[in-house]
Each structure stands twice: as structure tokens, then as C-alpha cells.
Amino acid sequence: MPKILHSRAVPAAAPATYGPASLTLYRGDCGEIPVLRVSGSPREMGRQYGFLVGTQVREMAERLVGIFTEAGLPEFVVLRILDNAWEKMRPHTPARYLEEIAGIAEGAAEAGVELAEGDLFRIIAATNFDLYKREERVFEFMDEELLEMIQNQNPELPPGMSCTMFAVWGSRTVDGKMLSLRNLDWLSQTGMHEGRLITVCRPDNGAAFVTMGYAGVTGCLAGMNEKGLSLSEVGAFSAREELDGTPWTLMARQLLEDCACLEDAVRFIESARHTIGYNYLIADGDPARFGTAEYAPRAAAFETNFECCETFFENDPKEAAAVWTDASGAARPYGLPMTEAVMRADTAFGARTRALQAADDGPGDPENTGNPLGRDNSGSTYTTCHKPMHDMIKAYETGAEYVFPVRNTKVIEAGAARKIGPEEALNIAATVAHNTEMLHENDWDVMSVVYSPTDGRFWVGFESRDNAGDWKNAPDSGYLQFDMKELLG
């Protein structure tokens, strides 16, 4: 098995403080990550956030706008597009987050940083602008004046997120503990890693939680709460997408604040007003009952778009029934359900969701063939991510060797069957993460998180750049290990 770099993170310097909040640099053998702790009411948490990392937020806002201007759009056009996109989402945004954003602007001003609420709104809009065919749909967010100004322009907007996630537990894992993954494969080498941040939140009303992401992304790209829920997500283009719903990053954060168990999360996601094509995975490590006869870790995957939401549990019969129809009219099964495991890349398995899906040659686009293995079996996230996760979990169960087909590298040696622990979970994470084979699309794994929700540990890595200017994706950069109990202090 390849050796995955990881080390425990420890405080490297005295923290900067503002009232009860602190910003501490944590360091390990694989690098360093700032950790921000905030607490209180939404306004109070916002002020603490803005005062301590307002400069980094400002830089992130400029960086995200820059990604769009590099597509060929003037900056003032980008700002108007993001503002118009935000106005569609604003009515569906929980008031607590609007209050917090106002506090961030106030805290930044107190620290002498020029940062407006609009900068935060644009960050939300940019991170939620993963619309299918957005090069065409971007014009929906322009008024007549802008349309006249940019006639004959064809912007090449950055690619959407294409990520991976899994959860395993019970008889498959060491001590039966839950282990889960969130890989973020996205636009690489932008400098976003300079704004990497772990945020620990103790809201007055709601569960304490931690998010892994970037300064200014006030929602959740990845996270875990004190109740033992971990959250992962994957962008999955759909033909049924609109922005007049709750921004997915804020919906994800609200789940961590408001849900105490998987059943809460199922109700929350199934009743949410979704926007774009996204798959989610919620793992419940059930820490309160670990070591008792009632201990019951469990997980679920959710396939969503603006029109529908379908929920899948372990060994789900809906996934077993998933088929696609080839050119001859034959039904081809492609579901890979497992006991005590749930996983997703882009590919949907629900009949309704897949019918609307454009990702992975989905039939939602009439130009596609509907083949989840890619047109003419040319490859897809199903073949490069989903099935490899399934096959690696199976290899650990049986003791078989596993060769990752994308790179033709042996990543599991043949031998005795073994339980999956953190080392094995990190191996799966690093294997399916986009690496140098995707650099021609400027796309690889920029953040990777392995969670152990049962005992509150997590391992997180970000893409990195060394002093010689050479880049590494997140797993190759190494993972820092944190303990949520210690972070909550």
C-alpha cells in the first residue's frame, strides 16, 4: 500500500485573539493550516471572523473574481453577474447568515480592512455558480446594458467541481467506527490554497461544528459537528438547475448546526430548496453510543437538483435497480450497492435524478447517450472514481490486490482480508483524487478530508506549492490530523 503522508497538527505560535475568538497557526510534518475559533450570536461570530481574517477574506473575494475575469469577462461585468446571481439566492438564505455577514464586514472595518457585505455575497455566488452550460446561461444574469457591451464574447468559465466521497463502517472498519471522505477536485493552481482555513464555530443556538475550506467561504465545503455528523458533497451537472433556492454551501452549514443524527439530516435535505445538481453524503458516527449495544453508525447519499431529491442508504435496492439503455435498447445495470458502505462521484443512480443529469454523459442533455461509463465507454467519474472506491473497499474485504486503472498502479497488495482504518481510508482518498492526469484541464484535487466521526478526528490536506514553484495536489501534499474535541477545547 502506498505510504500516505500524514502527521498530527499542533499549535505553532501564540494565537491572535479578539474577545473570545482566536486565530492559531497549526503545524505538522506536512505543512501548516490556520485554525479560527468563533462563538456567540451570528453577529458576534461575524465580527470575530472579520476582525481576525478580514484580510484573507478580501484576498479570496478578489481571487474568485479574478478566476472569472480570466475567462475573458471585464471585472465590472463579473461583479454584476455575481450580484444578480446572489439576488436570486438571497430570499432563500437563512437570516442568521445575513446577520453574520454584516458582522464580518463590521469586524473587518474595525481591523482596518476594506471589506463590504457585497464581497461576501459574491463569494457565495461564485461558489454556487456551478450551472450546467454556464457559458451559455451566464447571459441570464446580465441586463440589456451588459449584453450590448459584450456582444460576440464567448467566455470560457472555469470547470465545475468533480469530486468523490464515501462512508464505511461496522464490520468493514477497525472497531466498527465510521470513516468518511470528502475530496474536492476543482480548478487548480489558482493560489486559493493561501486562503486555506479551518473554522471552529460554537453558535449560541445550535451544535458546535468545524468546517474545512477557505477564508470567506462562510458556508461549508466540508465539515463535521459535535454530534458526530460529517458532511461531503459532489457537484454533478443537471439539466434542471436554477439559482432561486438556498445556496448549497449555506444549506450544508445549516445542516451541521441544526441536525443531531442521520434521521435529522435526511429530513433536512429532503425538505430543502435545492438549486443545482449536487450529490451529498452524510455519515453519522454515533459517538454517544459507541461501545454500547445500541451503537449504530450509518450513512446516506442524496442526489439533488432544482426539481428533485433522492435518498440512498446502504445496499439500497434503488441503486441495485439502476440501469441505462444502450443504442440497441438493452437495459444495462450499473448500480454497485454495498452493505455498510455508501459512496458517490458525479454519477446519479436514482431514476429521476439520472434522467435529468448531464454529468457523466447523462440523458438530461439530449446530445448525450446516457452511458454512465462515458460515451462509447470512454471514461467518466463512474469509471475513474466511483467504481474504484467500490473495488478498493471490496479488495480490503477479500484480501485481493487492487490496481488503479487510471494510473495502472498497484495500491492494495494481495494478502489477508483487513479492516479499514485511517491508513486505508487515506489510501482510497489519495487514489481516487484527481492528480496529474487531469492537469490538461487544470483540474485536480485541491482539498481532501478524511473524517472519523465516531471519535471526532479528521485528516485534511490542501494542494501546495513549494519554494521552487512546483505544485502538488492535496493528498501528495500530505494530511494534517486534528481532534475535534481538542479544537472545541
Point to revise | Count of Lys pairs (Cα-Cα under 28 Å; at least 8 positions apart or interchain) in the chain | key: 29
Study note, to complete from the structure: If the label point sits 7 Å along Cα→Cβ of Phe313, residues of region 248-267 with amide N under 16 Å come out as 261-267
Exercise for review: Work out, step by step, the length gained on full extension between Arg289 and Asn205: first 0.36 nm times the residue separation, then minus their alpha carbon distance; give nm to one decimal.
Suggested key: 27.9 nm
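Only Lys, Arg, Asp and Glu count, each charged at its Cβ (+1, +1, -1, -1), so figure out the dipole size of region 239-392 about its Cα centre, rounded to 20 debye.
Dipole magnitude for region 239-392 comes out near 160 debye.
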Review point. For the pair Gln189 and Thr339, what calculated FRET efficiency results from E = 1/(1 + (r/R0)^6), where r is the Cβ-Cβ distance and R0 = 51 Å, to the nearest 0.05?
Key: 0.80
Review point. Can you list the residues of region 321-345 with backbone N under 19 Å from a point 7 Å past the Cα of Arg375, pointing along Cα to Cβ?
Key: 324-329
Exercise for review: Would you please state which residues of region 253-278 a label at Ala95 would reach in this model, taking the label point 7 Å out along Cα→Cβ and a backbone N cut-off of under 11 Å?
Suggested key: none
Practice item. Mind grabbing the accessible area of Cys259 for me, 1.4 Å probe, Å², rounded to tens? Key: 10 Å²
Exercise for review: Calculate the spin-label point distance for Arg465 paired with Phe268, positioning each point 7 Å from the Cα along the beta-carbon direction, and give it in nanometres.
Suggested key: 3.6 nm
Point to revise | Virtual spin-label span in nm between Asp83 and Glu423, 7 Å along Cα→Cβ | key: 5.6 nm
Check your understanding: Hey, got a sec? Which GluC sites (Glu not before Pro) in region 337-410 land in a DSSP loop and have at most 14 other Cβ atoms within 10 Å?
Key -> Glu367, Glu401
Check your understanding: How long is the gain from Phe76 to Glu32 if the chain were fully straight, where each residue apart is worth 0.36 nm and the alpha carbon distance is subtracted?
Key -> 12.3 nm
Check your understanding: For the pair Glu114 and Ser171, how long in nm is the line joining their label points, each one 7 Å along Cα→Cβ?
Key -> 6.4 nm
Point to revise | Residue-span extension gain [Ala400 to Ala296] - 0.36 nm each, minus C-alpha spacing | key: 34.6 nm
Point to revise | Structure-derived Rg/Rh (Cα atoms, Kirkwood Rh): which label, when the choices are (1) 1.04; (2) 0.95; (3) 1.14 | key: (2)
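The values are calculated or read from the model by the stated rules, or taken from the named source; none is laboratory data. Everything quoted here is computed from the prediction, not taken from an experiment. A quick note on method: Cβ atoms are made from the backbone with ideal geometry, for glycine too, and the neighbour counts reach across all protein chains shown. Ligands, DNA and RNA are stripped out before the accessible areas are found, and what is left, the full protein with its side chains, is counted by its heavy atoms. Shrake-Rupley method; radii C 1.70, N 1.55, O 1.52, S 1.80 Å.
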